[in-house]
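> Just dropping this structure here.
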Amino acid sequence: MSYPSYPYGYMYPNEVAVGLTWLPIIATYMLFVSIASGSAILLSLEVLFNIGLRRLTPLLLMLSLATGLVYLLGPLADLRRPERAFYILVYPHLVPSDTYSGVSLIALMAGLMWPLLVILLVVLGYITLYRGMWGSIIAKILALALAFTCILWSTYFALLQFTTIPLLTVHNLTPLIPVELLLESIALAGSIALLALLVHYRSLERPIAGILSQVILACSLAFIAFRIFQVFRLHAYMTGSPEATTFIGVFSTLNTVVLILAVLSSILAAHVNLRGSAISASLLALLSLLWVFVDRWLFAVNIQSISKTSLSVIPVSLDLASWALESTAMTLLALFVYYVLYTWVIREPLLKLEGSGGGVG
């Protein structure tokens with residue numbers, strides 16, 4: 001019996017590639033999840049602690065809803081049987097049964113946590129923007145529930161990797177991924193919110209821009225520290241195992257790009273904080289998008305090239321044209337939802353906030 005040849009010698013039979021677990025659209029999906037969850041976390045912090053972003057609340061709400069309402073189209077495009085997608089909402093496996101002994105994390109997030117996210121956003125937006133109940137107990141309870149829901153959403157992909165790629169033991173190689181995902185989500189949402197502020201108000205308002213840029217800077221620096229620690233841990237303590245060596249080979253190149261983008265984002269955030277530059281804010285939004293997207297691509301797509309035994313790297317074939325079209329369609333739909341929300345839903349309370357002067361901060 002003969003086995004496949006390999007440039008570096010013998011290759012085990014179960015190292016043969018069996019296709020991608022996730023298609024590239026999942027990287028776009030996770031980018032949208034980051035924007036939705038990060039924006040909602042910032043909104044929750046404003047309601048809970050009055051951190052000075054009340055004037056930005058309508059924009060944060062629109063960003064979270066516009067991306068949150070469409071991001072499930074990413075997994076839908078990834079499915080091999082999209083016509084059966086509605087079953088995850090109609091018959092979610094949220095509790096163990098005789099037929100299905102386990103609990104589906106995907107069903108939990110799509111069938112329970114996603115509707116909860118949308119409901120909390122709508123209700124919290126209504127009682128704050130339309131009813132003005134910013135300091136009420138019910139608003140704070142809703143904000144706390146929203147923050148918890150979005151922390152779970154922002155770290156969900158790491159949990160999915162920990163449970164669906166056990167042979168790669170991602171949780172042993174990069175255990176701080178959940179914290180990094182949370183930090184990236186908040187930094188990205190803050191950067192997009194700065195751009196939205198610039199677009200809607202035609203200028204950066206220094207108090208709000210200062211708060212957002214400080215949040216972005218803090219999250220960026222914390223992310224860089226955590227990621228450098230993980231790289232140090234990989235090289236110092238885990239390079240002895242073939243599994244870790246293979247992982248580092250796939251991980252290193254794009255991870256370097258991620259760190260460079262995170263550092264540049266930190267520099268631009270500091271510049272926005274000190275100078276309030278519109279150009280810096282626009283570049284910051286672009287760099288943050290690239291930073292988070294490349295990191296999502298690294299963990300959602302590149303790692304799949306590692307063989308099932310984690311002993312070698314097998315190139316995978318990607319249909320980038322289809323991914324680009326699907327991602328463009330999701331982006332345009334999110335922008336359309338944002339426009340609808342701004343024009344027919346949020347515009348009235350946004351104008352009220354504009355006319356209330358310094359009382360909104």
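Table: residues versus (1) farther than 21 Å from G210 by Cα; (2) open to solvent by less than 30 Å² (accessible area, probe 1.4 Å); (3) of a type in the set (G, A, S).
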| residue | (1), (2), (3) |
| --- | --- |
| P242 | yes, no, no |
| F247 | yes, yes, no |
| T253 | yes, no, no |
| S266 | no, yes, yes |
| N273 | no, no, no |
| A281 | no, yes, yes |
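> Got at least one residue in segment 193-212 being surrounded by 15 or more Cβ atoms within 10 Å (Cβ to Cβ), within 14 Å of the chain's Cα centre (by Cα) and either among the acidic types (D, E) or under 19 Å from N50 (Cα atoms) (or both)?
no
> So which residues in segment 315-328 are under 21 Å from the mean Cα position of the chain (by Cα) and touching a residue at least 60 places away in the same chain (Cβ under 8 Å), if there are any at all? Talk me through it step by step, then tell me what you get.
Filtering segment 315-328 for residues under 21 Å from the mean Cα position of the chain (by Cα) gives 320, 323-328.
Answer for segment 315-328, where residues must be under 21 Å from the mean Cα position of the chain (by Cα) and touching a residue at least 60 places away in the same chain (Cβ under 8 Å): L320, W323, E326, S327.
> A further question follows. Does segment 136-153 contain any residue that is touching a residue at least 60 places away in the same chain (Cβ under 8 Å), of a type outside the set (G, A, S) and outside any helix (DSSP H, G or I)?
Scanning segment 136-153 turns up no residue that is touching a residue at least 60 places away in the same chain (Cβ under 8 Å), of a type outside the set (G, A, S) and outside any helix (DSSP H, G or I).
> I'm checking my understanding of the structure. Among residues of segment 154-182 that are open to solvent by 10 Å² or more (accessible area, probe 1.4 Å) and outside any helix (DSSP H, G or I), which one is modelled with the highest pLDDT?
In this case the residue turns out to be L176.
> Quick check, is A300 hydrophobic (A, V, I, L, M, F, W, C), modelled with pLDDT under 95 and open to solvent by 20 Å² or more (accessible area, probe 1.4 Å)? Step through it out loud before you land on a result.
Numbers: hydrophobic (A, V, I, L, M, F, W, C): yes; modelled with pLDDT under 95: yes; open to solvent by 20 Å² or more (accessible area, probe 1.4 Å): no.
Answer is no for this residue.
> Within segment 231-251, restricting attention to residues that are assigned to a helix (DSSP H, G or I) and without any contact (Cβ under 8 Å) to a residue 12 or more places away in the chain, which residue is nearest to T174 (Cα to Cα)?
Pass one, segment 231-251, residues assigned to a helix (DSSP H, G or I): 231-237, 242-251.
Those still in the list that are without any contact (Cβ under 8 Å) to a residue 12 or more places away in the chain too: 232-233, 236-237, 245.
Details: F232: 11, R233: 9, A236: 13, Y237: 12, T245: 13 Å.
Here the residue is R233.
> Further, regarding this structure: Only one of these conditions is not met by P82: (1) open to solvent by 40 Å² or more (accessible area, probe 1.4 Å); (2) over 15 Å from the mean Cα position of the chain (by Cα); (3) touching a residue at least 12 places away in the same chain (Cβ under 8 Å). Which number is it?
It fails just one condition, (3).
> Can you name the residue in segment 85-121 that is open to solvent by 80 Å² or more (accessible area, probe 1.4 Å) and among the polar types (S, T, N, Q) and is also nearest to the chain's Cα centre (by Cα) among such residues?
The selected residue is S101.
> Can I ask one more? Would you mind stating whether L284 is in contact with a His (Cβ under 9 Å, 6 or more places away or on another chain) and either at pLDDT 95 or above or closer than 15 Å to L194 by Cα (or both)?
Working: in contact with a His (Cβ under 9 Å, 6 or more places away or on another chain): yes; either at pLDDT 95 or above or closer than 15 Å to L194 by Cα (or both): yes.
Yes, satisfied.
The values are calculated or read from the model by the stated rules, or taken from the named source; none is laboratory data. Keep in mind it's a predicted model, so treat the numbers as computed, not measured. Please note: Cβ atoms are built from the backbone with ideal geometry, for glycine as well, and neighbour counts cover all protein chains shown. Heavy atoms of the whole protein, side chains included, go into the accessibility calculation; ligands, DNA and RNA do not. Shrake-Rupley method; radii C 1.70, N 1.55, O 1.52, S 1.80 Å.
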